[in-house]
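Novice: Just passing along the structure, written as structure tokens.
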Amino acid sequence: MKKIHAVLFLSLILLCSACFTSSNMSGKMLMSIQQGMTPLEVRNVFGSEPDFRRFDGNSEEWEYRRYSTSANAGWSIVLIQFTDGRVSGMDSFKDRSMEMNAATVVTPSPTAVTTVGAFPNRYPVEEIRVMSDSEFEKFHDKLKFTIMGDEQKKMIERMLQKHDVTSAQCVEMVKEISYTPDQVEMMKKMYPYVRDRQNFNKVINILFSDTYKDEVRKFIKEYHQNNK
């Protein structure tokens, strides 16, 4: 009986080890992604469908998320952009802002409701998702008729506690803010919640001064360095 228990225990360890290993994204997998690849070729590299998918016209983005249980634990995120059905760009980074304990380690799905750690200085967020067009239109109307800059910033911060955003939505929100330093401040606060970061230059280009543009780009660079 003890022998049977030992065999079962060893099998369980090997099974768990295999699960955790398969959940990680290796450097070899990332290096296999090349410009010009088809969606089928990308799917074969990762061995599964993307966890999230977004598209706009002839552009499409796939997002893969894997949780690492190693000493350098955290969510590894890979964003792959397609243009006309071919890989045109890729971004990979570690996002430790999405802290989860071992009891809740699961791969998020677009419909799942999960509790994750928000960006620093944020309260825990439930069901992070992008606002629908109608939801954003209602929010934008309220923002548009809010005169005081401080109130506008508070409105946006409260919204970010519940929703992710797109670059296009950021453009519309930032345009409603009249004071340039406030625009820069809100861009920095929005960026961690942006789902199509490859398009964030559209938001940065609202700024007239290259000095302010460089400030936002520096923040983005440091953000990714700190979340590898």
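The values are calculated or read from the model by the stated rules, or taken from the named source; none is laboratory data. Note that the structure is a prediction, hence the values are computed from the model and not measured. Methodologically, a virtual Cβ is constructed for each residue, glycine included, from the backbone with ideal geometry; neighbour enumeration extends over all protein chains shown.
Novice: Among the residues of the stretch 46-64, count how many are in a loop (DSSP other than H, G, I, E, B) and farther than 20 Å from SER32 by Cα.
Specialist: Going through the stretch 46-64, the residues in a loop (DSSP other than H, G, I, E, B) turn out to be 47-51, 57-58.
Filter once more, so that each one left must be farther than 20 Å from SER32 by Cα: 57-58.
Of the residues in that region, 2 qualify.
Novice: Hey, can you tell me all the residues within the stretch 15-71 that are at pLDDT 85 or above and among the aromatic types (Phe, Trp, Tyr)?
Specialist: Within the stretch 15-71, PHE46, PHE52, TRP62, TYR64 meet the criteria.
Novice: Got at least one residue in the stretch 205-227 being in contact with a strand residue (DSSP E or B) (Cβ under 8 Å, 6 or more places away or on another chain), closer than 15 Å to LEU143 by Cβ and surrounded by 17 or more Cβ atoms within 10 Å (Cβ to Cβ)? Give the steps one after another, and end with the answer.
Specialist: We begin by selecting, within the stretch 205-227, every residue in contact with a strand residue (DSSP E or B) (Cβ under 8 Å, 6 or more places away or on another chain); these are 224, 227.
Imposing the further condition that a residue be closer than 15 Å to LEU143 by Cβ reduces the set to none.
No: the stretch 205-227 contains no residue that is in contact with a strand residue (DSSP E or B) (Cβ under 8 Å, 6 or more places away or on another chain), closer than 15 Å to LEU143 by Cβ and surrounded by 17 or more Cβ atoms within 10 Å (Cβ to Cβ).
Novice: Name every residue in the stretch 152-188 that is without any contact (Cβ under 8 Å) to a residue 24 or more places away in the chain and basic (Lys, Arg), in order of residue number.
Specialist: LYS154, ARG158
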